[in-house]
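Input: a single structure, listed below in structure tokens.
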Amino acid sequence: MRSPRVREMTPADCEGVAEVRVGGWRSAYRGLMPQSYLDRLSVEEDAEWRRTHLAQADGSVVNLVAEDTGGEIVGWACHGPYRDGEVRTEDAELYAIYVHPDQVGRGVGRALLTESVARCSAAGHGRLLLWVLKENDRARRFYERAGFRADGAEEPFEVDGVAVPEVRYTRPLAR
């Protein structure tokens, strides 16, 4: 596959992004969180939430989509100010990155991450941070290959009563 085209998300992309996100959760988190939760995820509800959220956005959060050569959305990433509780800091945070399960390993995630890093650097952020499930070895390897390192911070996270802790990764950015 050629490198995907990465661009900013539009309201017309919400359904495609929801399909990528729900499919990504079901694939990436199988065995890491309760299957009953993953089975309840709804593309329709996620798309509606995205349409509402995008319409109310203040511009501080950037949503990116990756398209294949046919114009189909095959990946989505979202970044913005780092959140330390309810406080936004000078650092940036990669809130999410998901790739359609059929496209994993084809450079889609790398293209999205490269664009997010470039945009966060251009915006003058000193670091890009992210949270990843502690047991998600595949994602952790992906981020480590991209220059991120776990910094020792951990957060409890619970899904349907099951603990699925997260660890924080960070990467310095060129200003």
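The values are calculated or read from the model by the stated rules, or taken from the named source; none is laboratory data. Predicted, not measured: the structure shown is a model, and the values here were computed from it. Cβ placement follows ideal geometry from the backbone for every residue including glycine, while neighbour counts extend to all protein chains displayed. Quick note on the areas: whole protein, heavy atoms, side chains included, nothing else; ligands and nucleic acids left out. Shrake-Rupley method; radii C 1.70, N 1.55, O 1.52, S 1.80 Å.
Cβ contacts < 8 Å: first residue over 18 Å from Leu113 (Cα atoms), restricted to region 159-175; second residue of a type in the set (S, T, N, Q) and open to solvent by 50 Å² or more (accessible area, probe 1.4 Å), any location; separation 6+ or different chain. Result? Every condition considered, the pairs that remain are Asp160/Ser36. When Ala111, Ala96 are screened for being closer than 17 Å to Val132 by Cα and at pLDDT 95 or above, only Ala96 passes.
Just the residues that are under 19 Å from Ala122 (Cα atoms) and either surrounded by fewer than 22 Cβ atoms within 10 Å (Cβ to Cβ) or among the hydroxyl-bearing types (Ser, Thr, Tyr) (or both), please, taken from region 84-110. First the steps, then the outcome.
If we filter region 84-110 for residues that are under 19 Å from Ala122 (Cα atoms), which is where we start, we get 88-95, 110.
Within region 84-110, Arg88, Thr89, Glu90, Asp91, Tyr95, Arg110 qualify.
Can Pro165 be described as touching a helix residue (DSSP H, G or I) at 6+ places or on another chain (Cβ under 8 Å), under 24 Å from Arg21 (Cα atoms) and open to solvent by 30 Å² or more (accessible area, probe 1.4 Å)? I'd like the intermediate steps shown before the answer.
Values: touching a helix residue (DSSP H, G or I) at 6+ places or on another chain (Cβ under 8 Å): no; under 24 Å from Arg21 (Cα atoms): yes; open to solvent by 30 Å² or more (accessible area, probe 1.4 Å): yes.
So Pro165 fails the test.
A quick yes/no check of all residues on (1) within 14 Å of the chain's Cα centre (by Cα); (2) of a type in the set (A, V, I, L, M, F, W, C); (3) under 21 Å from Pro81 (Cβ atoms); (4) surrounded by 15 or more Cβ atoms within 10 Å (Cβ to Cβ):
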residue: Arg119; (1), (2), (3), (4): no, no, yes, yes
residue: Ala122; (1), (2), (3), (4): no, yes, yes, no
residue: Leu128; (1), (2), (3), (4): yes, yes, yes, yes
residue: Asp137; (1), (2), (3), (4): no, no, no, no
residue: Arg140; (1), (2), (3), (4): yes, no, no, yes
residue: Glu144; (1), (2), (3), (4): no, no, no, no
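Quick grid of which residues meet (1) open to solvent by 20 Å² or more (accessible area, probe 1.4 Å); (2) of a type in the set (Val, Ile, Thr); (3) free of Cβ contacts under 8 Å to residues at least 24 places away in the same chain:
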| residue | (1), (2), (3) |
| --- | --- |
| Ser27 | yes, no, no |
| Ser36 | yes, no, no |
| Leu41 | yes, no, yes |
| Asn63 | yes, no, no |
| Val74 | no, yes, no |
| Ala77 | no, no, no |
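State whether the residues of region 16-28 include one that is more than 16 Å from Ala96 (Cα to Cα) and hydrophobic (A, V, I, L, M, F, W, C). First the steps, then the outcome.
Going residue by residue through region 16-28, those that are more than 16 Å from Ala96 (Cα to Cα) are none.
Taking every residue of region 16-28 in turn, none turns out to be more than 16 Å from Ala96 (Cα to Cα) and hydrophobic (A, V, I, L, M, F, W, C).
The sole residue among Val65, Val61 that is closer than 17 Å to Val117 by Cα, hydrophobic (A, V, I, L, M, F, W, C), modelled with pLDDT under 95 and touching a strand residue (DSSP E or B) at 6+ places or on another chain (Cβ under 6 Å) is Val61.
Every condition in (1) at pLDDT below 95; (2) over 13 Å from Trp76 (Cα atoms); (3) open to solvent by less than 30 Å² (accessible area, probe 1.4 Å) holds for Pro4 except the one numbered (2). The residues of region 47-82 that are over 16 Å from the mean Cα position of the chain (by Cα) and in a loop (DSSP other than H, G, I, E, B), listed by number, are Gln56, Ala57, Asp58, Gly59, Asp68, Thr69, Gly70, Gly71, Glu72. Filtered by the rule that a residue be in a strand (DSSP E or B), over 17 Å from Ala28 (Cα atoms), among the small types (Gly, Ala, Ser) and out of contact with any strand residue (DSSP E or B) (no Cβ under 6 Å at 6 or more places or on another chain), region 121-175 gives a lone residue, Gly152.
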